[in-house]
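Where a number appears in this text, it was derived from the coordinates with a stated rule and is not lab data. If you're wondering where the values come from, they're calculated on a predicted model, not measured in any experiment. All Cβ positions, glycine included, derive from the backbone under ideal geometry; neighbour counts span all protein chains shown.
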Amino acid sequence: MLVTNNDLLLPAMREAYAVGAFNINNLESLLAVVEAAVEERSPVIVAVTPSSIRYAGLPYVAGLVKTAAERSSVPMSLHLDHGKDFETVTNCISAGFTSVMIDGSHLRFEENIALTKRVVDLAHSKGVSVEAELGRLTGVEESTVEQREAVLTDPDAAGEFVERTGVDSLAVAIGTSHGAYKFKGEPKLDFERLRLIREKVKVPLVLHGASSVPQWIVEKAVKYGAELTGAKGIPEEHIRKAVSLGISKINIDTDLRLAFTAAIREFLTESPKVFDPRKILGSAREAMKEVVKAKMRLFGSSGKA
Ligand code: PGH
Ligand code: CA
Ligand code: ZN
């Protein structure tokens, strides 16, 4: 059934597990995520970015996810990931999204508050949950303490931000980043900062840029011709620790892209006579599903639906 992010994240925060938000852009990735959730008996957040909406078309994306939700036995939400403006949010709510992110993290503090508050007023009047972001995810590239402080989430500011906006959940910057190249050296997250934020903020906390970039998937992709030199993600024990310190929602996109690409490269090379798209894409769907199931076990959401 289709529910809001609040319905999924408040129990998660109470019971100290995290719900995965998996980015989808087509039928294959949606079915991979939904089938994984059903098999793991896990709640799940289906996340769609503005660029995925441009790729697939808003009515198609919304229709697919709503159909999946009606037909499956686990609770799921349809969530706008990294919504940048009021118009995108409005369109998604009209299309039936049950949760929206307004990402004003690039704005000044007061402007981020004003935009987020405006979205919260609209969304709450329609029964839709809102996620906002404070701090920037590019923190890993900053080398000095001053540079890091400037982009990572300030705990006091986070407390004030949530109070003044009335937002339902908050994405924090503690050293993760989007994509397959997260660290040049050793992976490092600011867990002390997370602990302080958790003390100041009463709503569920969200970790973006949380893909682990599993080396076995990278190696398979490279074996079949991909170029991924230097690809590195968040180690699984860091994810486990982040959950234990109060992260309730974890966003995964890159690991699904890697699984998709590695599976298709392998399939096309190993089965040169096959040209049935269902077989080619079916191998990718299966690979993404296995990744999603492993995440649900890692996050502790398996068995919670
Ligand atoms: C993410 C995904 N989506 O909003 O934050 O991050 O690139 O680490 O999968 P990854
Ligand atoms: Ca952002
Ligand atoms: Zn993100």
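Observations, loosely collected:
- In this structure the amide hydrogen of Val19, modeled in the peptide plane, comes within under 5 Å of the amide hydrogens of Lys249, Ile250, none closer than 5 places in sequence on its chain.
- The charge dipole of the chain, taken about the Cα centre with unit charges on the Cβ atoms of Lys, Arg (+1) and Asp, Glu (-1), comes to about 680 debye, rounded to the nearest 20.
- For the chain, the longest principal axis of the C-alpha atoms and the axis of helix 191-200 are separated by about 50°.
- Average Cα contact separation per residue, the chain, under 8 Å, 6 or more apart, as relative contact order %: 23 percent
- For the range 67-111, the Cβ-based charge dipole about the Cα centre amounts to some 200 debye (Lys, Arg positive; Asp, Glu negative; other atoms uncharged).
- When the chain is treated as a GNM with alpha-carbon contacts under 10 Å, the residue of Arg257, Arg193, Arg108 showing the greatest mean-square fluctuation is Arg108.
- 3J(HN,Hα) couplings calculated from phi for the range 253-268 with the Karplus curve 6.51 cos²θ - 1.76 cosθ + 1.60 (θ = phi - 60°) are, in sequence order, 10, 3, 4, 6, 4, 5, 4, 4, 5, 5, 5, 5, 4, 4, 4, 5 Hz; Gly and Pro show x.
- Taken over the range 183-305, the alpha-carbon convex hull comes to 114 cubic angstrom per residue.
- Charge dipole (Cα centre; +1 on Lys/Arg Cβ, -1 on Asp/Glu Cβ; no other charges) of the range 236-275 amounts to roughly 100 debye.
- Estimated FRET transfer efficiency when R0 is 30 angstrom, pair Arg136-Glu286 (beta carbons, to 0.05): 0.25
- Rounded Å value of the spacing that divides the Cα centres of the range 169-223 and the range 237-297: 18 Å
- Each of the peptides 226-235, 90-99 was scored by the mean count of other Cβ atoms within 10 Å over its residues; in descending order, highest first, they stand as 90-99, 226-235.
- Length gained on full extension, Val222 to Arg118, computed as 0.36 nm times the residue gap minus the Cα-Cα distance: 32.9 nm.
- Rounded to two decimals, the Cα radius of gyration of the range 32-103 over 2.2 N^0.38 Å is 1.08.
- Adding -39500 (n - 2.57) for every DSSP H run of four residues or longer, then dividing by how many residues the chain holds, sets the calculated 222 nm ellipticity at -16000 deg cm²/dmol.
- Cα pair distances in the chain, grouped into 10 Å bins until the bin that holds the longest one, percent each: 6, 28, 36, 23, 6, 1, 0
- Leading residue at positive end of dipole, the chain (Cβ point charges), from Phe267, Leu9, Thr88: Phe267
- Normalising the average separation of contacting C-alpha pairs (under 8 angstrom, six or more residues apart) by the number of residues puts the relative contact order of the range 163-233 at 44 percent.
- Calculated SAXS-style log₁₀ I(q)/I(0) at q = 0.11, 0.12, 0.15, 0.18 Å⁻¹ - the range 22-153, Debye, Cα scatterers: -0.45, -0.53, -0.76, -0.97
- Dipole of the chain, positive direction: furthest Cα of Asn112, His178, Val65, with charges on the beta-carbon: Val65
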